[in-house]
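Take a look at the structure set out below.
The values are calculated or read from the model by the stated rules, or taken from the named source; none is laboratory data. Computed from a predicted structure; not experimentally measured. Please note: Cβ atoms are built from the backbone with ideal geometry, for glycine as well, and neighbour counts cover all protein chains shown.
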Amino acid sequence: MTESIPRRPLSRALRQAGLAVIVVAVIGVLLLLFTLLVAVSVNTEGSRRDRAALDLRSIQGALLLHQEAQGRLPTEAEGLMLLVEHHALEVLPMDPWHNAYEYTVRDGQVLLRSLGADGDLGGDGNDADLELTFPVAPAPEGGPTP
């Protein structure tokens, strides 16, 4: 006499296989969503740094325009707001982390700076400062200097 091996009905096996496929698909979708979230987060910080660099260039252009029109750069006490008052900029932008851009004039150099994501001097990665330095053009003869 031969013993028969008990078999599960085919429909039950198919249901279990289908459930396994669904579980694997859900896990795959969750992993994909997590990967996209991380990629967007990293890309957002890169975009913020790019925007800050563009803002610094825009402020530099406004400073040079102001210097050409007024014969001088704003003093540190007057600050960058003078560019808005004299219509060299429509509005003074804040950096992408909602901090004011810094403006200093030292030793014939203009320094424009964003303090990065942490808002503190120095830092690494997204917290690193972004700086733009350029020489002060000589004032016209008899003109004021910053």
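Out of curiosity, is T2 modelled with pLDDT under 75 and under 30 Å from W97 (Cβ atoms)? In short, no. A77 - would you say it is in contact with a His (Cβ under 6 Å, 6 or more places away or on another chain) and either charged (D, E, K, R) or in a loop (DSSP other than H, G, I, E, B) (or both)? So A77 does not fit the description; no. Figure legend. Inter-residue proximity from the range 98-111: first residues on the phi < 0 side of the Ramachandran plot, second residues of a type in the set (F, W, Y) and part of a strand (DSSP E or B), beta-carbon distance below 8 Å, spacing 6+ or different chains. Indicated pairs: Q109/F134; V110/Y103; V110/F134; L111/Y103.
Annotation: of all residues in the range 88-103 being part of a loop (DSSP other than H, G, I, E, B) and among the charged types (D, E, K, R), the one that is surrounded by the most Cβ atoms within 10 Å (Cβ to Cβ) is D95.
Conditions (1) more than 18 Å from the chain's Cα centre (by Cα); (2) surrounded by 16 or more Cβ atoms within 10 Å (Cβ to Cβ); (3) closer than 19 Å to P138 by Cα; (4) not β-branched (V, I, T), marked per residue:
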| site | (1), (2), (3), (4) |
| --- | --- |
| A25 | yes, no, no, yes |
| R48 | no, yes, no, yes |
| H86 | yes, no, no, yes |
| V105 | yes, yes, yes, no |
| G108 | yes, no, yes, yes |
| L111 | yes, no, yes, yes |
| G116 | no, yes, no, yes |
| L121 | no, no, no, yes |
| N126 | no, no, no, yes |
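Within the range 55-74, at least one residue is assigned to a helix (DSSP H, G or I), among the acidic types (D, E), crowded, with 16+ Cβ neighbours inside 10 Å and at pLDDT 95 or above. Can you confirm whether the range 49-61 contains a residue that is out of contact with any Ser or Thr (no Cβ under 8 Å at 6 or more places or on another chain) and over 16 Å from R113 (Cα atoms)? Within the range 49-61, none of the residues are out of contact with any Ser or Thr (no Cβ under 8 Å at 6 or more places or on another chain) and over 16 Å from R113 (Cα atoms). When the residues of the range 62-97 are filtered to those that are of a type in the set (G, A, S), out of contact with any helix residue (DSSP H, G or I) (no Cβ under 7 Å at 6 or more places or on another chain) and in contact (Cβ under 8 Å) with a residue 12 or more places away in the chain, the one that is nearest to R51 (Cα to Cα) is G79. All conditions in (1) without any contact (Cβ under 8 Å) to a residue 60 or more places away in the chain; (2) under 29 Å from G46 (Cβ atoms) hold for S114, with the sole exception of (1).
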